[in-house]
Amino acid sequence: MQFIDLLNQRSSYYDYDADEIITPAIIEALVAEAIKAPSAYHMQNWYFIAVTSKEAKQKLYDVAYQQEKIKKAAVTFIVCGDIDGYQHLEAALQPSIHAGHFPQVLANSSISNAHNSHATNLPLQRDEAIRSASLASMVLMLAAENMGYATGAMSGFEPDKLQATFNLAPTRVPVMLITVGSPTSPRYPQKQRLPVTKKLCII
Ligand SMILES: Cc1cc2nc3c(=O)[nH]c(=O)nc-3n(C[C@H](O)[C@H](O)[C@H](O)COP(=O)(O)O)c2cc1C
């Protein structure tokens, strides 16, 4: 599908086929596309939990204000951001250094800059985690739509309860839920957007 058609046709979907099974191979393919998103310093400070089983769906449903679509979607991704990404930057850059795509000297300076800017700045750690997970979430949605699935983003969940229920490390922030599944009925028309002129200033 043309990218512009994909953008024009996407709208949040709620009425999934509750019997649909999505294979681990498809889930992996979706996440492989999602992680093409950029991240600050190339920290790749995101993590995905694919909720597919009945039991896991029930647990997520319970901490997400009982939103029915979680039970109906073939998979709901809990997209997380890691606030300690700067501490793992060396490992994150290693494959690019190894492939000759990123000089070691630049990597060393990135690691040092990331550490200096993040180590004592908790709001920045959290901001970066949310930025990375949000960009990956949008790419995940577009990748799924491009495969013919319908999707929906959700922030309607109780973060503390979700963190406890899914045993997330304190450094792992749940940022967004993304439902993915086959539509059972036509998509809703895309909602109107406020005019560009109200949302853009060119200076
Ligand atoms: C960050 C975010 C959080 C959202 N949370 C919820 C949610 O908890 N439940 C829900 O039904 N829709 C949720 N939505 C869907 C929005 O209501 C929807 O994207 C918006 O109305 C625009 O409609 P569209 O996605 O069809 O273009 C969320 C969307 C975003 C981007």
Evaluation of Gly81 against (1) farther than 23 Å from Thr120 by Cβ; (2) within 16 Å of the ligand (Cβ to nearest atom) (one fails), failing number: (1)
Sole exception among (1) under 13 Å from Ile178 (Cα atoms); (2) within 16 Å of the ligand (Cβ to nearest atom) for Arg10, by number: (1)
Among (1) assigned to a helix (DSSP H, G or I); (2) near the ligand (Cβ under 9 Å from one of its atoms) - the single one Ala143 does not satisfy: (2)
Pair list, Cβ under 6 Å, 6 or more apart: the stretch 27-48 residue modelled with pLDDT of 95 or more, other residue aromatic (Phe, Trp, Tyr) and assigned to a strand (DSSP E or B): Val31/Phe48; Phe48/Phe77
Test: residue in the stretch 107-121 that is polar (S, T, N, Q), in a loop (DSSP other than H, G, I, E, B), touching a residue at least 60 places away in the same chain (Cβ under 8 Å) and open to solvent by less than 40 Å² (accessible area, probe 1.4 Å): no
Restricting the stretch 143-153 to residues that are out of contact with any Gly (no Cβ under 7 Å at 6 or more places or on another chain) and surrounded by 18 or more Cβ atoms within 10 Å (Cβ to Cβ), the residue that is farthest from Lys72 (Cα to Cα): Ala143
Residue match in the stretch 87-101 (condition: over 21 Å from Ala164 (Cα atoms), in contact with a Gly (Cβ under 8 Å, 6 or more places away or on another chain), part of a helix (DSSP H, G or I) and open to solvent by less than 60 Å² (accessible area, probe 1.4 Å)): yes
The stretch 171-203: number of residues that are of a type in the set (Lys, Arg), within 14 Å of the ligand (Cβ to nearest atom) and part of a strand (DSSP E or B): 0
Breaking point among (1) within 13 Å of the ligand (Cβ to nearest atom); (2) in a loop (DSSP other than H, G, I, E, B), for Ser134: (2)
Lone unmet requirement of (1) in contact (Cβ under 8 Å) with a residue 60 or more places away in the chain; (2) buried (at least 19 other Cβ atoms within 10 Å of the Cβ) for Thr184: (2)
Residue in the stretch 159-170 that is buried (at least 18 other Cβ atoms within 10 Å of the Cβ), charged (D, E, K, R) and modelled with pLDDT of 95 or more present: no
Any hit, the stretch 146-156, residues being modelled with pLDDT of 95 or more and assigned to a helix (DSSP H, G or I): yes
Odd one out for Thr76, checked against (1) surrounded by 15 or more Cβ atoms within 10 Å (Cβ to Cβ); (2) in contact with a His (Cβ under 9 Å, 6 or more places away or on another chain): (2)
Only listed residue being within 15 Å of the ligand (Cβ to nearest atom) and within 20 Å of Asp160 (Cα to Cα), chosen from Gln67, Gln58: Gln67
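The values are calculated or read from the model by the stated rules, or taken from the named source; none is laboratory data. None of the values given here were measured: they were computed from a predicted structure. Backbone-built Cβ (ideal geometry, glycine too); neighbour counts: all protein chains shown. Side chains included, ligands, DNA and RNA excluded: accessible areas come from the protein's heavy atoms. Shrake-Rupley method; radii C 1.70, N 1.55, O 1.52, S 1.80 Å.
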